[in-house]
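To start, the structure under review is shown below, and the notes come after it.
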Amino acid sequence: MENSNKYRVTQVTDSGERKVSRMSELELQKLRAKRLQKIRKDELGLTQKLLADAVGVKLRTLQDWEIGRSPMPKAIEILMNLMREMPNIKEKLLSESK
């Protein structure tokens, strides 16, 4: 019963292969944090400071989310996905936070 507190996770590699593994809640949180950091940097092109200011949190809070020290609220994850899908939302949010 050692896997009872593990989650089954399917990851897709860059080559398209599916990799199934079991992760603890902490491992899953860190994986999610890494993915959200990649979205912020690579897809949204935002610095930690810009995103922290835009969503109204301290820089340290955002850093804690990105290293998996504390979970990022689902609302922030949804907002980041909306900013990816609708650039006008990203621009409005950034302009409002100045």
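Nothing in this text is a laboratory measurement; each read-out follows from the coordinates by a stated rule. Because the structure is a prediction, the values reported are computed rather than measured. Here Cβ is always computed from backbone atoms with ideal geometry, including for glycine, and neighbour counts include all displayed protein chains.
Taking one quarter of the surface of the convex hull spanned by the alpha-carbon atoms of the chain gives a direction-averaged projected area of 7.2 nm².
Near Gln48: Cβ cut-off under 12 Å, other residues only, Lys/Arg at +1 and Asp/Glu at -1. The net charge is +2.
Among the listed pairs Lys19/Lys74; Lys34/Lys92; Lys41/Lys98; Lys6/Lys98, which are separated by more than 31 Å between their Cα atoms? As for pairs spanning more than 31 Å Cα to Cα, those are Lys6/Lys98.
Taking the chain as a Gaussian network of alpha-carbon nodes connected by springs under 10 Å, the highest mean-square fluctuation of the residues Thr47, Thr13, Thr61 belongs to Thr13.
Against the chain, whose longest principal axis is taken from its Cα atoms, helix 25-38 shows a tilt of about 40°.
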